[in-house]
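K.L.:
What follows is a structure written as structure tokens; I'll ask about it next.
The values are calculated or read from the model by the stated rules, or taken from the named source; none is laboratory data. Worth saying up front: this structure is predicted, and the values here are computed from it rather than measured. Here the Cβ positions follow ideal geometry from the backbone for every residue, glycine too, while neighbour counts run over all protein chains shown. For accessibility, only protein heavy atoms count, side chains too; no ligands or nucleic acids. Shrake-Rupley method; radii C 1.70, N 1.55, O 1.52, S 1.80 Å.
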Amino acid sequence: MSDRDTWLTPPELLQQLSPFDLDPCTPPIMPWETAAKRYTLADDGLKQPWSGFVWLNPPFSNVRPWVEKLALHGNGILLVPSSTGCRYWQETIFKRAHAWLFVARRIKFFTAAGERGKYASGFYVALVAFGWTAVERLQSCSIDGHLDGPMVDCV
């Protein structure tokens, strides 16, 4: 993860989806809590064991291994570019995720210093649900977008 990859999820988005047990991909200094336990670059979250309900906003320069690990873990929410032609969408998300929400607007991420970015991102993102808890949270949030995927009744 480089400084160019350090773009923080807006806290208001996290609040609608929380709480999370683990954020395996957080910067060393995080101005707000994303999860009860966090791994930084120094910890190498890809090599660490994952447990509980995961929040994952991976470095967009290297999304695929993070997506694959969350799919294997099977319990969490992923924030990724909605570039559905990418291999990680075709080979992992479409085959293993329980649902995905295409966010209707471009998000203004925050800088590593905790300041809202000057401009919205240059692309749209999706929130991807792995597991039933994740599906329920996407269904109950008020994030404007289109919820899709092979959802199953969560009762």
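K.L.:
Could you work out what % of the accessible surface of segment 1-147 is carbon and sulfur, using a 1.4 angstrom probe and leaving DNA, RNA and ligands out of the count?
P.N.:
Values: 3600 of 7270 Å².
Of the solvent-accessible surface of segment 1-147, carbon and sulfur hold 50 percent.
K.L.:
Would you give the gap between the C-alpha center of segment 124-140 and the C-alpha center of segment 17-93, rounded to a whole Å?
P.N.:
Result: 13 Å between the Cα centres.
K.L.:
So for the chain: antiparallel DSSP bridges make up what percent, rounded to the nearest 5?
P.N.:
Once the DSSP bridges in the chain are tallied, antiparallel ones form about 75 percent.
K.L.:
Moving on. Which peptide among 130-137, 44-51 comes first, and what is the full order, when sorted by highest mean count of other Cβ atoms within 10 Å? Walk me through the numbers on the way to the answer.
P.N.:
On the way: 130-137: 20.9, 44-51: 14.0.
Ranked by mean Cβ neighbours within 10 Å, highest first: 130-137, 44-51.
K.L.:
Using only the alpha carbons, work out the radius of gyration and Dmax of the chain in angstrom.
P.N.:
Calculated on Cα positions, Rg and Dmax stand at 14.2, 42 Å.
K.L.:
Taking only protein heavy atoms into account and a 1.4 Å probe, give the accessible area per residue of the chain in Å². Provide the component values of the computation, followed by the final result.
P.N.:
Numbers: 7890 Å² over 155 residues.
Heavy-atom accessible area per residue stands at 51 Å².
K.L.:
Can you list the residues, at least 5 places off or on another chain, whose amide H is less than 5 Å from the amide H of Val125, using H built in the peptide plane?
P.N.:
Those lying under 5 Å, H to H, from Val125 are Ser82, Val103, Ile107.
K.L.:
Given only helices, namely DSSP H runs of n ≥ 4 each adding -39500 (n - 2.57), what is the per-residue ellipticity at 222 nm of the chain, to the nearest 500 deg cm²/dmol? Don't skip to the answer; put the middle values down first.
P.N.:
Numbers: 3 runs with 26 residues, N = 155.
Result for the chain: -4500 deg cm²/dmol, rounded to the nearest 500.
K.L.:
Ignoring ligands, DNA and RNA, how do Ser82, Ser140 rank by accessible area with a 1.4 Å probe, largest first?
P.N.:
On the way: Ser82 35, Ser140 95 Å².
Heavy-atom accessible area, descending, gives Ser140, Ser82.
K.L.:
Next up: Rounded to the nearest 0.05, what FRET efficiency do Leu41 and Arg64 have when you use their Cβ-Cβ distance and R0 = 22 Å?
P.N.:
On the way: r = 17 Å, r/R0 = 0.79.
So, using R0 = 22 Å, E works out to roughly 0.80.
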